[in-house]
Each structure stands twice: as C-alpha cells, then as structure tokens.
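Derivation of every value follows stated rules applied to the coordinates shown; laboratory data play no part. Every value quoted in this text rests on a predicted model; they were computed, and no experiment measured them. Counting neighbours? That spans all protein chains shown, and the Cβs are built from the backbone with ideal geometry, glycine included.
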Amino acid sequence: MRTDDDHSPISAQNAKRLFADWKAAPAIILAVSGGPDSIALMWLAARWRRTLTRGPRLIAVTVDHGLRAEAAGEARDVKRLARTLDLPHRTMRWTGDKPKTGLPAAARTARYRLLAQAARASGATHILTAHTRDDQAETLLMRLLRGSGVSGLAAMARESERDGVVLARPFLHVSKSRLVATLKKAKIGFADDATNRDTNFTRPRLRAIMPVLAAEGGDTRNLARLASRLARANQAVEVLVDGAERYLALRDREAPRTGFDANAFDAKVFDAKAFAAMPEEIRLRLLKRAIDRFGHEGPAELGKVEALLAALDQAGAKQGKKRRPRLKQTLAGALVSLSDGRIRVEPAPPRRGRAD
C-alpha cells in the first residue's frame, strides 16, 4: 500500500483499508508494548472496530520480558488506555532465567510464544503486530549482512503462521513517522524504550546509519520495496519447488523397489538421479523442507544445508565407480542418507549420552 505522505496522520478511511483483511476473524490479539507503533495499532484498530456492525473481538496483550524496571509501569499504562478504548487487556510475563547471549532473539521467541498462548486462551485466530516499513528495512539489512538466501531477504511477510496462529502485520508499508503523527493528532502518549537506541544491539546500530543509506537512495521505502520484490520472487520459486516435489514423488512411485519405502509416513525419499538433474536452488529447498519436517532440532541453517547438498553431489559423482555412492549424515535432528539410488530423509535416532 503506497502512502501519500510519510508524515501525515492515518485517517479512518486509511485504517479501514489497513485492517480490512481481518474483519471476519472471530477474535484478534493486539500486541501492544507501549511504544508509539503498538499504541497506534491499538488505537487505530479500536477505532476501526467501532465502524463495523459485526467484527472481531479485540484483546490487547502486553508482554513484560522482565528486563527493564519500567516495563511493569508501561504495561499498566497500556491497560489504562485499553480501558478507555473498551478493550480487554492482559499482561503476559516472561519468567525464568534469561540467556546471557542472544538475548534479543530469545526475548522475541518468548514474546511470540506468550502471545500465541494468549491467543489460544482467548479463541483468537490472529495476532496483529505493529511492525512498520522502518522495521522491514532494518530486517532486510540485518539478513543481508548475515548472508541470507532469497527467502530470508524477503524479510517479514504480511501474514505468516506461528505456533498455530496467524501472525499479521498491517503496517509493513507504513512509516513509523505516520504512526507518531497519528498519536500526536489524537493527543495520545506513548512510552520511550531506551533500548531502541542502545548500540550494543544490532537494530539500533543500523538505525544510526540509515540517514547515510537514505542519502544514497537506500531509504526505508526503497529497501521495503526490495523486500517485497524478493518476496514475490521467493513465492515463484516455492511454486517451482512444489512442482519438483510432486514430480520426484511420481518418479519414485514408478521406480523399482530397493528396500526404501517411499510411501512411509516417517521419511522422505527422492530418486537421486532425478534430484541431481534439478537446479541447485530447487534441490536446496527440497532438502531443507524434508529436514525441517523430519528433524527435531528446529529449522536447519541454510549454510549447513548447502554443505550437505555439496556432500550429496560429491557422493553422487561416484556413481560410475565400482563402489555405489553412499552417504549418511545428521542435520537439525534429521538423518540424511544416500544409497541404492535413493536419498532418504528421516528422524535421526536419539543422541547417545556420554558415559560417566
């Protein structure tokens, strides 16, 4: 959605378009931290809901990570504002020990877990977050610097599934400045989280260089547009991967039996020759899909899948020699093996504990 003015308040008509996709949902969780973006989300969503004859129930949820002394007071401020908007409010707390490294990622995981928990308890099908175009640009830059593939560079999707709930982001094409202007016009206050300027973390460091990038044409609008184009390309590749998966399944059903049960529910089997004939990106995604499905240690890292694919290619190159190609490796809790012209991906056996 193209905005006309990045500093103008969001009108009621504009808000109606922003939230239109979710008017049929039975209930929606609004993730509200107390900062300007999420406060604007709650205020605009409440105003939108009042225009509907029938619409979703809205429940505001604040996650207190227990990392800042101010967080509890901010949650109470959100609750007071929610009450004036006739919205129920709930504070979820991240309890227990906190990691000494990787804290932002761990906090993000905990936040979504708690929001999904609140959604299930409320009968909500969707969680709305206030990620803006600025956040999208920062996410693209972070993933670019980490060497992500096309799917990672597509950055955040407008909708995605997480923990059995749809995670939706209505503001991905809206600048943060518009949300701040909206609150100023409505005379609504918001919290200022100092950690957003703490250069010990990656995002604040990227924010500090954004003016330099913008001067060279890399402003948030262009970076977010790039993410959208990459998302479009990623969707096209995924369609090709779907077709390749169906083709390989058909080839395997037509092939002579070799001891592999291609129809087993606990494994994925590919015809190695047909698999090797496909473009590398397709093979990478097919392999990663299978590992993520049958592994039990979380999503496989792209770099490790690339290394495994290289090992499969090397083993397959021995096809013409007397010794049949064989390979057996584990990755992300999945066992990947190559033998008798078949690539098999299945759950890896439990790791053996070290002897005392």
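Over the chain, Cα pairs under 8 Å with separation of 6+ residues give a relative contact order of 14 percent. Close amide H pairs (under 5 Å, H built 1.01 Å from N) link I28 with R57, L58, I59, residues at least 5 positions away or on another chain. Close amide H contacts of A191 (hydrogens built in the peptide plane, cut-off under 5 Å, sequence separation of 5 or more or a different chain): G35. Seen from D21, the other residues with C-beta closer than 12 Å to its C-beta sum to a net charge of +4, counting Lys and Arg as +1 and Asp and Glu as -1. In straight-distance terms, cross-link reach from K23 covers every one of the lysines whose alpha-carbon lies under 26 Å from its own, apart from those fewer than eight places away in the same chain; here that gives K79, K176, K185.
Rounded to the nearest whole angstrom, the semi-axes of the ellipsoid equivalent to the range 39-101, taken from the Cα gyration tensor as √(5λ), stand at 28, 12, 9, largest first.
In this structure the amide hydrogen of L167, modeled in the peptide plane, comes within under 5 Å of the amide hydrogens of I127, S160, E161, R162, none closer than 5 places in sequence on its chain. Averaging the sequence gap over all C-alpha pairs within less than 8 Å and six or more residues apart, then dividing by the number of residues, gives the range 21-169 a relative contact order of 26 percent.
Both the radius of gyration and Dmax for the chain are 24.1, 79 Å, in that order, over alpha-carbon atoms.
With all projection directions averaged, the alpha carbon convex hull of the range 1-134 covers 9.0 nm².
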